[in-house]
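**Student:** Here it is, the structure, as structure tokens.
Just so you know, all these numbers are worked out from the coordinates, no wet-lab data involved. Only a predicted model underlies this, so the values are computations on that prediction, with no experimental measurement involved. No Cβ is skipped: glycine too gets one built from the backbone with ideal geometry, and neighbour counts run over all protein chains shown.
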Amino acid sequence: MDSAHSDGAEQAAGPELALKILVAGGFGVGKTTLVGSVSEIRPLRTEERLSEAGQDVDDIAGVERKTTTTVAMDFGRITVRSGLSLYLFGTPGQDRFWFLWDELATGALGAVVLADTRRLDDCFPAVDYFEHRSIPFVVAVNCFAGARAFGAQEVSHALDLERGTPVVLCDARDRDSGKEVLVRLVEYAGRVHTARLLDSVS
């Protein structure tokens, strides 16, 4: 293929746009699972086995069967449509690794806060973090087997979310479900950033 034809094909397809998305939430809520289920590349994982040395600082109440933890980040990539890719960065869920969040959040379009209704309090720190930094986010309720079902409005009220913050139900193990969460986030974050841009020039 000659260069002129190649340039024409690229222009027809439009420029490639890559957006940075964070996947956050409490310990053991399914962040690594979500990144892995939707990623079209082999996800980068920085998991280590839980050890006796961390028993005093790692609260595994409600997730006693969990044997590993993310100590830096998870990374994956998904193409939402032609010309638009999302780079996914899963944050560590434990308090002792939160110093990494500021670095991971730099340049992010928005975030997914995963929630487990059995341990809803665990996602409050993530909600507070993104609200205080004005980073658009959606709350994705990971529907675990055996957990009591709650509606989006109930979760929104329980978390005292700012008006308009989307709450969606999902299965972090399912690629289509995870992709739908990401599409909702991109749409919502796009509206928020557009509104802010219009406010700044008005």
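**Student:** If we sort 32-42, 17-27 on the protection proxy, mean other Cβ atoms within 10 Å, highest first, what's the order?
**Tutor:** Numbers: 32-42: 19.5, 17-27: 21.5.
Final packing ranking: 17-27, 32-42.
**Student:** Give me the distance in nm between label points sitting 7 Å out from Cα along the Cα-to-Cβ direction at E103 and E154, one decimal.
**Tutor:** Modelled inter-label distance: 4.0 nm.
**Student:** Still on this structure, I have one more. Could you give the nm distance between label points at E180 and R81, where each point is 7 Å from its Cα heading toward the beta carbon?
**Tutor:** Placing both labels 7 Å beyond Cα along the Cβ direction yields 1.8 nm.
**Student:** Here is a further query. Show me the ranking of peptides 98-108, 135-145, 78-88 by mean Cβ neighbours inside 10 Å, starting with the highest.
**Tutor:** On the way: 98-108: 13.7, 135-145: 21.1, 78-88: 15.5.
Highest-to-lowest ranking by the protection proxy: 135-145, 78-88, 98-108.
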